[in-house]
Structures are given as C-alpha cells and as structure tokens.
2 protein chains.
Amino acid sequence: METYELHVAGLTRDLPVCEVNEHLSIAAFIMFGDVEITIAAAQALLKIAPEFDVIMTAEAKGIPLAYEMARQSGKYNYVVARKYPKLYMKNVFSASVRSITTDKEQTLYLSQDEADYINGKRVLLVDDVVSTGESIRAVRVLAERAGANIIGIQTVLVEGEAQGRTDLQYLGVIPVFNADGTPKE
Amino acid sequence: METYELHVAGLTRDLPVCEVNEHLSIAAFIMFGDVEITIAAAQALLKIAPEFDVIMTAEAKGIPLAYEMARQSGKYNYVVARKYPKLYMKNVFSASVRSITTDKEQTLYLSQDEADYINGKRVLLVDDVVSTGESIRAVRVLAERAGANIIGIQTVLVEGEAQGRTDLQYLGVIPVFNADGTPKE
C-alpha cells in the first residue's frame, strides 16, 4: 500500500505510507500546505474544546493548527514552544523530558515573557498527531512548570498506541502498518 | 532602550531590544502568538504582491504568515521548507547554501512531491524579517533548484543591511542598534 485514505473533519486525504523500519510503516499526516484541512480541523476541535484562555503548541507541524484555532476562536493569541533557545528570549524558560522510547532528552523553550503569560491561565494544548505522546508530554511539562492550568489536550489524529487515550480529544485515528502495508492489530 | 515602537500594517507593537553582542542590539519581531498582526501583514502584502500560484517559506517563524496569505488569497496552498529531512519525505529534495557571514552551511529540505509541485509554478517567497538575507537566499536556492519560477519575495520587515534592497517588497523597516540603544546610522 502506497497511500492510506483518511477521512477527518469532513474531508478525505490520501496519506503517503512511509516505512519507519522493517517492521513498521506509518501514514504521514502533514497539515503544512493544506489550508482547507487546517480550517476544518480547527473548527471541529473548537466545537468540542473546553473553555480556555490560550492555545499552545510546539514547533513546527502544529503551528498552523494553533494559529487557525486562535484566529477562529477570536482569542487571537497562542504560544509556540520552540525546539531551540532564541535570541529574542531575553530570559529563557525551558523544560526537558527524557523519551521513554529513545532515551533521548527533549527540551522545549519559551521566553520568560511567554512563561509569565501562560502562568495561571487556562491553556489548551494542541497538535496535529499524537503517536507515542512524547511531544505533547514535553509541551505539557513545560506549560505546567510555567504555572499553566492545562484544561485540555486536543489533536487532529491519534496513531498507534495513542488510540483509546482518554486524556485527550481527537477527530480521527490512523493505524500503524506492518511492512507489507497491512494495518497492525 | 528596552523596547522599540514599531508601526506596521496599521498596527503598533513594542519590540523587545535584544543584545546580539557588545556592538549590536536588535529589535525582535516575533509574529508567533500575534494573530492580529499576521492577518494585517498578510493583507497588506497580498495587496502589493505580483500574481502567483503558490506561497513558500522556511520554518519556523514565517509559517503563520505563509499560512495566512494562502488562506486570504483563496489559493489554500503553501509550501514550508524544513530545516531537517523528515520521515514523510520519501525522497528528500534539498539545497545547501554557505553563509557569507558565519561560513556555516545551511540546508533546507522538501519532499520530492513538494519539489515537483512547485516546478514550473509562479512562487512567491515570504518571510517575517529579512536581515542578512541568508535565510531567504537559502529558500530561493532550494526553490530554483526545484524548477520554481520565483516571481517575488515579500517580507513584513527589513532590518539593517537589507534596508533599501530593491529585489524584495516589505511593509516596514527596523533599525539595528548600538549597545547603548541608539540606532546605528
């Protein structure tokens, strides 16, 4: 199988199926470049979202969704956790988590101003796909250290082991695949 | 001086002034998190843009602008050059440029599908700030190698040496500063 037909937020997309290793292939969901699906997913997620003050994501793939949700909600503000400290962060606020699967450490960064901004606010974490959950966990740790009140986690899709997670809201699921292209049970 | 008052696209923002080294400070313009300025800048840039088929930017800071311009223009498509090759890029298309100022090499990546997509199309390159011009040059080289017809380069702001460049369209300028906060001549 070269592609997987995804139905989400009222739209259909053929996702390329990419080999991770000889035992595993995944269907790649890339919102970059696709304004239509970003608008539709943002709308569907906002419909089921709890009340929030600010939307937060981590760079890079979640940025258009976070932007669009901020725009549609009329709140007009969102926070992007960066993968590297930046010059504009006069004082850098960071948090590291160790990956369970790879044993690598992932660190995310905010400016101190951004950390102060989310402190005490109702924060909605969003992303495009939750799979191992490592990325969203890193954002959560960062937001919690900054004093945010995380009132929800939303993702367009869950994949693999994330299917059935009850601590997040999602619009659709994508299977992971064996090397021969059959979905894993 | 702690902040610089920027007027752009009908809006006013106080930019933090950050020290780069003992001789240079810059005003940091961060569109992340600011939906209002993204909408206004996208609108103003589209008003003066040449006719185009697709918008292109490099991750990460230019993504919301590229997204918003694609949305407002009704073309609903844009391309993001990535800083690292990704699993979803079954065949990776890349281009490297050597920085004039740092002698470091910068490489940007597309999937082969994205490279094929922009081949022969009228591509509008966009970014938030052009300063040394290295970033936009890297995107341009990548797009040209993919066969794109680059019909324009647009940025919200130019800074420092980029002021006065006639090969790009911009909405405003920001000075660079001496360590004492006075603008450099």
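The values are calculated or read from the model by the stated rules, or taken from the named source; none is laboratory data. Predicted model, so just to flag it, every value in this text is computed and none were measured. Reconstructed Cβ throughout: ideal geometry from the backbone, glycine too, with neighbour counts over all protein chains shown. Just so you know, the surface numbers come from the protein's heavy atoms only, side chains and all, with ligands and any DNA or RNA stripped out. Shrake-Rupley method; radii C 1.70, N 1.55, O 1.52, S 1.80 Å.
Some observations on this one:
- The listed residue being aliphatic (A, V, I, L, M) and closer than 30 Å to A:VAL17 by Cα, out of B:ALA162, B:ALA148, B:ALA179: B:ALA148
- Residues that are at the interface with chain A (Cβ under 9 Å from one of its Cβ atoms) and under 12 Å from the mean Cα position of the chain (by Cα) were ranked within segment B:13-60; the one that is most open to solvent (accessible area, probe 1.4 Å) is B:ILE30.
- Residues of segment B:119-139 satisfying the condition of being among the charged types (D, E, K, R) and open to solvent by less than 10 Å² (accessible area, probe 1.4 Å): B:ASP128
- Close Cβ contacts (under 6 Å, 6 or more residues apart or on different chains) running from residues in segment B:22-44 that are farther than 24 Å from A:LEU87 by Cβ to residues that are assigned to a helix (DSSP H, G or I) and open to solvent by 10 Å² or more (accessible area, probe 1.4 Å) comprise B:ALA42/B:GLN72.
- Scanning segment B:93-118 for residues that are surrounded by 14 or more Cβ atoms within 10 Å (Cβ to Cβ) and β-branched (Val, Ile, Thr) yields B:VAL97, B:THR107, B:ILE118.
- Residues (of a type in the set (Asp, Glu) and within 27 Å of B:ILE174 (Cα to Cα)) located in segment B:101-142: B:ASP103, B:GLU105, B:ASP127, B:ASP128, B:GLU134
- The single condition among (1) open to solvent by less than 50 Å² (accessible area, probe 1.4 Å); (2) more than 9 Å from chain A (Cβ to nearest Cβ) that B:GLY10 does not satisfy is (1).
- Counting only strands (runs of 3 or more DSSP E) that sit completely within segment A:91-139, those holding 1 or more residues that are within 13 Å of another protein chain (Cβ to nearest Cβ) and either within 22 Å of A:ALA162 (Cβ to Cβ) or of a type outside the set (A, V, I, L, M, F, W, C) (or both) correspond to A:105-111, A:122-130.
- Condition check for B:ASN149 on (1) free of Cβ contacts under 8 Å to residues at least 40 places away in the same chain; (2) open to solvent by less than 60 Å² (accessible area, probe 1.4 Å): one failure, at (2).
- Of everything in segment B:61-87 that is within 8 Å of chain A (Cβ to nearest Cβ) and part of a strand (DSSP E or B), the residue that is nearest to the chain's Cα centre (by Cα) is B:VAL80.
- Taken over segment B:140-155, the criterion of being closer than 28 Å to B:LEU24 by Cα and assigned to a strand (DSSP E or B) is satisfied by B:ILE153, B:GLN154, B:THR155.
- Just one of the listed residues (B:TYR88, B:TYR78) is free of Cβ contacts under 8 Å to residues at least 24 places away in the same chain and open to solvent by less than 40 Å² (accessible area, probe 1.4 Å), namely B:TYR88.
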